[in-house]
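The values are calculated or read from the model by the stated rules, or taken from the named source; none is laboratory data. Note that the coordinates shown come from a computational prediction; the quantities given were computed from them, not determined experimentally. Virtual Cβ from ideal backbone geometry, glycine too; neighbours counted across all protein chains shown.
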C-alpha cells in the first residue's frame, strides 16, 4: 500500500483497467472500494458489457452481486453474457446473483419471483426501492464485500419524470454505500437534458465516459484521471490496446 | 370511526380514523408502503364500504394480482361496483384500460380524482402514489391539489388515504404536504448498514393525541401488514453471564433447562425473556455458549434485529470465542452491543483494552457492566435502542 | 473449448450477411431474438429493407408480424409486388400477420380477418393490443419469427414522443420473450434528438442507411461496418 488514506481498489475484471485508474504502488487497476461509479456515453459503446464484466469478475471472486436490469429483462441478461462465455446459471442457483428485473413485466409472460429474482416495474420506483432494500440485505449477508449494477437509467427516464429518477438514484447509491458495496450505474449520454446529466455526475463518486474508442476517467476519488483506448472483443472489453 | 385494519394502528389512533378525514402513509424509500393503503381499503370494503384506488405506478391488473397475492378478494368488489380504479398508469405505457376512469395526461389527475371522490360519499379513496404526481405537477401545485381533494373528501365524508414515498424533497414542501392532511403515519426503515427492519409510528392526528410508539412490522404474502415482535439475541462464551443478563433485562423470563422447547433438543439450556422498555418490546433469546451447540446458533439467530454479546472482562482467552459467536449468529449484520461483564472483579479489562484485544471497530459500543448487581444493564438497553432507532 | 454461438438469421439482403459475418464462425446475418433499428433520412430504402427482411424470412418458413404506420396494406402489397414478391400466398398460408394502423385514417374501409387487424396511429394502446394478439398468432406457428414495425416516424408525429419510447420498450420486450427478431425503422430527425438517442439505446442493433452507405453502428458479435449499397429491382444490394 504505502500511501495513507487512499481508498483501496477493487478489480473490475476488465483487462487493462490500470490504464484508467492505477494504484501507483502495485501497478494494479480497479475502482475505489465502496464507491459509486457512473459510466456514460453514446448508445452501443459497450456500457452494458462493462457491467457484465464487473459483475462476473466479482462472482468469480465470491463477491455477490445485486443487479438491476432496467433496459432489458433477465432473459436478455443471460443471453448477452453467454455471448462472452459468462454463464450465470450457477451463480443464480447458489444465490450469489440477485437480480431485480424492472422490464420483464412488459414481456407478456407471467414470471415468478424467487429468493434472488424479483420483478418490479420501471414506473414504480417505490417498489423498486423496496426490492433494492431486500436485495442489499440479501447480498450483504452473503458477503460484506459485494457489487451492484444498475443498467441503465435510459428506460427509467422514459417512464418517469427526470427529477424522480435522480431521487431514486440518490436513494440507491446511498443504500449500496452504507452496506459497503461498490456500484456501477450506466447512462446514455444525450438522452436527457444537460442539467440532469450533470446532476447525475454529482451524485456518484466516479465518472467514466466511453465513446466507442476511448474510455476516460472524468471524476474519481483519490486517484489520477486518465484515459485510454479500448475495444470490444469476444472476451469483453479490453483497455489499452491498439 | 373507521378502522384502519392495520394491527396496532387503531390503538395508536384512539380507535381508528374519523370518516371524511385524510391520512398519509409517509414512507422512507425502501419501505413496503403500498400494502398499508391496500390493506385498509380491503378491510373496509369487507365491512361493506365503497372505494377506489387511484394509481399512477401500476396497472389495475397488477394491483388486482397484488391483492390476490395478499389473499384479499378485490375482484368481487369490483364486479359489484363497490370498488373501482382511477387509472393513471395504463395509457401512460400504452396498455389498454377498462377502469372506470382513465386519463392520458397528468394535468387531468386533479379533476378525475375529484370526480371519483364525489362518486363514493362515505367511502374510501386510496391515492398511490403521491410522489409521482409531485415531479410531474410541481411542489406547490401538488400541495394545492391535495388540499382540494381533502376538502372534497371532507364534504363527501370520504376517507382519503395517501401513499407517499418520501424521496429527497425540499423540507418545506414535505412539511406543507404533511400539514395539509389530518393524520401522518411515518413508515421508517431500521438500518444497520442494511435495512434490518421496518417500523411505523403516528406522527400526528388532528382528532387525538397519538401514542408515541414505534411498531415494528413486516409485510407478507399472503397476509399483508403484520406486527413484528423483534428478537434480541443474547450471546457470548460459556459462563460470561448470559442467563443473568436475560433475567436482568426481562420483565419476565424463563430459563428452559432440560425441557422440550419446540424443535430444539431437550438437553439445551436456553433463556427466553420478554423486554418492555421505553415503549419498545421484544423477545429475548439467550443462546447456549458451548461449542457443541453451535449448530443451532444459526436457527436461533434468524430474524434477530439486535444482539448483546456478553463477555467476561477478566477472561481475554475467551474473546476469540466471542468473536466466533458473533460470526456464527450472523450478528455482524445487525446492531450489537458488547457487554463487558464482571467489571467488579480483579483483572477486569477496560472497554478500551477489550476493543483493542478484540479488534472491534469504533462504532460497536462496549458497555461496562456488573450484571449480577444490575449495573450497566440499562445503559446496554439504551445503547441498543440508540443504534436501532437513532437518537 | 467453448465457442460462443450467437445464432443469426438471414437478413434477406444480398451481401449483408457477408459483412456481418463473425470472424470465428463465419456466420453472418441478424442476431436472432434481438431488436434492430434501421434509420436514416427519408427515401433511402428503409422500407425496402423491411420487405426484404420479411420476404427472406417467409421464404425460409419463418412467419412475420408486420405493423404498418406509414402506408397501408394495399401499398405494401403493391410495393413488394414491384420486386416480384407476392404476399397473397403467405397471407393465405397464415404466415403473415398484419396490423394496419394507417388505412383507417385515410378512410379506407377494410375488414379485419384472422391475420389482419386494423388499428390507428392515433391510438398506440390499440396498436399494442393488436400486437399482443398478432404475437400470439405468429409465435404459435413458429418459435422463430420476425416482427417489423415500419415506421416509428408517423407514431411520433401523432403522439407524445416519450409515450412512443415506452410503447416501443414494451413491444420489444414482448417480441424478445416470444422468441422473435424485431426490426424497427425510423426517419432521422423526426423526433427530438434526446428521444433519438434513447431509441438507439433501447434496441440491440443499429443500422444506418444514408442513400449511399449502409453502416452497422452496433451489432452483437460484429464491430462497426460500413459498405456502399444500391437499390435495384431486386431490392437493396450491398456492394
query: With (1) surrounded by fewer than 24 Cβ atoms within 10 Å (Cβ to Cβ); (2) assigned to a helix (DSSP H, G or I); (3) over 17 Å from the mean Cα position of the chain (by Cα) as the list, and residue C:156 as the residue in question, which single condition is left unmet?
result: (3)
field: Residue selected from region C:125-149 under the condition more than 14 Å from chain B (Cβ to nearest Cβ) and part of a strand (DSSP E or B), by the criterion farthest from residue C:63 (Cα to Cα)
entry: C:148
query: Quick check: anything in region A:2-24 at pLDDT 95 or above, assigned to a helix (DSSP H, G or I) and closer than 30 Å to residue C:181 by Cα?
result: no
field: Complete set of residues in region C:27-41 that are within 14 Å of chain A (Cβ to nearest Cβ) and part of a loop (DSSP other than H, G, I, E, B)
entry: C:27, C:32, C:33, C:34
Matching residues, region B:171-200, being modelled with pLDDT of 95 or more and farther than 22 Å from residue A:127 by Cβ: B:171, B:172, B:173, B:175, B:176, B:178, B:179, B:180, B:181, B:182, B:183
- prompt: Is at least one residue of region B:108-124 part of a strand (DSSP E or B) and more than 14 Å from every other protein chain (Cβ to nearest Cβ)?
  reply: yes
field: Candidates B:222, B:237, filtered to the one that is touching a helix residue (DSSP H, G or I) at 6+ places or on another chain (Cβ under 7 Å), in the same structural domain as residue B:341 (by TED's automatic domain parsing) and assigned to a loop (DSSP other than H, G, I, E, B)
entry: B:237
task: Evaluate region A:47-59: report whether one residue or more is assigned to a loop (DSSP other than H, G, I, E, B) and buried (at least 19 other Cβ atoms within 10 Å of the Cβ).
output: no
- prompt: So which residues in region B:38-56 are in a loop (DSSP other than H, G, I, E, B) and either within 19 Å of residue B:222 (Cβ to Cβ) or in contact with a helix residue (DSSP H, G or I) (Cβ under 6 Å, 6 or more places away or on another chain) (or both)?
  reply: B:56
task: Kindly list the number of the only condition in (1) in contact with a helix residue (DSSP H, G or I) (Cβ under 9 Å, 6 or more places away or on another chain); (2) modelled with pLDDT under 95 that fails for residue C:55.
output: (2)
message: Restricting to region B:179-204, name every residue that is part of a helix (DSSP H, G or I) and buried (at least 19 other Cβ atoms within 10 Å of the Cβ).
response: none
query: What is the number of the single condition among (1) away from chain A (no Cβ under 14 Å); (2) part of a helix (DSSP H, G or I); (3) surrounded by fewer than 20 Cβ atoms within 10 Å (Cβ to Cβ) that residue B:322 does not meet?
result: (3)
- request: Give just the number: which of (1) touching a strand residue (DSSP E or B) at 6+ places or on another chain (Cβ under 9 Å); (2) farther than 30 Å from residue A:61 by Cβ does residue A:178 not satisfy?
  value: (2)
- prompt: Just one of the numbered conditions (1) over 26 Å from residue C:206 (Cβ atoms); (2) in contact (Cβ under 8 Å) with a residue 24 or more places away in the chain; (3) touching a strand residue (DSSP E or B) at 6+ places or on another chain (Cβ under 9 Å); (4) assigned to a loop (DSSP other than H, G, I, E, B) is not true of residue C:122; which one?
  reply: (3)
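Yes/no per residue for (1) farther than 24 Å from residue B:217 by Cβ; (2) crowded, with 22+ Cβ neighbours inside 10 Å; (3) not assigned by TED's automatic domain parsing to the domain that holds residue B:243:
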residue	(1), (2), (3)
B:294	yes, no, no
B:317	yes, no, no
B:330	no, no, no
B:357	yes, no, no
B:384	no, yes, no
- prompt: Among the candidates C:99, C:67, C:44, which residue alone is in a loop (DSSP other than H, G, I, E, B), surrounded by 23 or more Cβ atoms within 10 Å (Cβ to Cβ) and at negative phi?
  reply: C:44
query: Residues of region C:216-226 being surrounded by fewer than 16 Cβ atoms within 10 Å (Cβ to Cβ) and either away from chain A (no Cβ under 11 Å) or part of a strand (DSSP E or B) (or both), which ones?
result: C:226
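Every residue, every condition in (1) in contact (Cβ under 8 Å) with a residue 24 or more places away in the chain; (2) within 14 Å of chain C (Cβ to nearest Cβ); (3) on the phi > 0 side of the Ramachandran plot, yes or no:
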{"position": "B:52", "(1), (2), (3)": "yes, no, no"}
{"position": "B:55", "(1), (2), (3)": "yes, no, no"}
{"position": "B:65", "(1), (2), (3)": "no, no, no"}
{"position": "B:70", "(1), (2), (3)": "yes, no, no"}
{"position": "B:84", "(1), (2), (3)": "yes, no, no"}
{"position": "B:97", "(1), (2), (3)": "yes, yes, no"}
{"position": "B:105", "(1), (2), (3)": "no, yes, no"}
Flag if residue B:275 is in contact with a strand residue (DSSP E or B) (Cβ under 7 Å, 6 or more places away or on another chain), outside any strand (DSSP E or B), assigned by TED's automatic domain parsing to the domain that holds residue B:369 and under 20 Å from residue B:384 (Cβ atoms): no
message: Out of the residues in region C:178-207 meeting the condition of being in contact (Cβ under 8 Å) with a residue 24 or more places away in the chain and more than 30 Å from residue A:74 (Cβ to Cβ), tell me which one is surrounded by the most Cβ atoms within 10 Å (Cβ to Cβ).
response: C:187
- prompt: Looking at region A:75-86, is at least one residue crowded, with 20+ Cβ neighbours inside 10 Å, touching a strand residue (DSSP E or B) at 6+ places or on another chain (Cβ under 8 Å) and either free of Cβ contacts under 8 Å to residues at least 12 places away in the same chain or outside any loop (DSSP other than H, G, I, E, B) (or both)?
  reply: yes
query: Could you say which residue among B:134, B:145, B:127 is more than 14 Å from chain A (Cβ to nearest Cβ) and either under 31 Å from the mean Cα position of the chain (by Cα) or in a loop (DSSP other than H, G, I, E, B) (or both)?
result: B:145
Helices (runs of 4 or more DSSP H) wholly inside region A:93-201 that include at least 2 residues being within 14 Å of chain C (Cβ to nearest Cβ): A:154-159, A:162-178
query: Which is buried (at least 18 other Cβ atoms within 10 Å of the Cβ) and at pLDDT below 95, of B:97, B:107?
result: B:97
task: Please work out which residue is surrounded by the most Cβ atoms within 10 Å (Cβ to Cβ), limiting yourself to region B:4-24 and to residues that are in contact with a helix residue (DSSP H, G or I) (Cβ under 6 Å, 6 or more places away or on another chain) and farther than 19 Å from residue B:70 by Cα.
output: B:22
task: Examine region C:71-82 for a residue that is under 17 Å from the mean Cα position of the chain (by Cα) and outside any helix (DSSP H, G or I), and state whether such a residue exists.
output: yes
query: Among the residues of region A:57-79, is there at least one that is at pLDDT below 95 and closer than 18 Å to residue A:232 by Cα?
result: yes
